[in-house]
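None of the figures in this text is laboratory data; all of them are computed from the coordinates on show. Bear in mind that the values here come from a model prediction, so they are computed numbers and not experimental data.
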Amino acid sequence: MLMLYTYHHEIGLETQVPLIVKPKPLLTKRETEILKLIAEEYSSLEIADSLSISIKTVDTHRKSLIKKIGARNVVGLVKYALQLQIATL
């Protein structure tokens, strides 16, 4: 477990506090598929066609992924996909 050391000036004491690391969110199989295709530069239309779903559903998944992962945009999604090795360069 990672520990964070904190110095308390008022009592002149250093204490250890567990550093809570936010775990990576678990993605569903469909989210993983869509994330992989986004990272491979597929458009929403191409993703929709390849998975036999609507463009609106793809866009909903994209927005959900951005929120779930905490990314700011599609570039953040691609970086996340590379970190998890869902996609490669």
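Things to note:
- Measuring max minus min along each principal axis, the C-alpha atoms of the stretch 49-89 give extents of 28, 21, 13 Å (largest first).
- The string of couplings for the stretch 62-70 from the Karplus curve (6.51, -1.76, 1.60, θ = phi - 60°) is 4, 5, 5, 4, 4, 5, 5, 7, x Hz, one whole number per residue in order, with x for Gly and Pro.
- Taking 0.36 nm per residue of sequence separation and removing the Cα-Cα distance, the T28/L45 pair yields an extension gain of 4.0 nm.
- Per residue, the convex hull spanned by the alpha carbons of the stretch 19-86 comes to 83 Å³.
- Each residue of the stretch 37-46 was assigned a 3J(HN,Hα) from its phi angle through the Karplus curve 6.51 cos²θ - 1.76 cosθ + 1.60 (θ = phi - 60°); the sequence is 5, 4, 5, 8, 6, 6, 7, 4, 5, 5 Hz, with glycine and proline shown as x.
- Listed values for the stretch 51-59 are Karplus-derived 3J(HN,Hα) couplings in whole Hz (6.51 cos²θ - 1.76 cosθ + 1.60, θ = phi - 60°), namely 9, 6, 10, 7, 4, 4, 5, 4, 5, and x replaces Gly and Pro.
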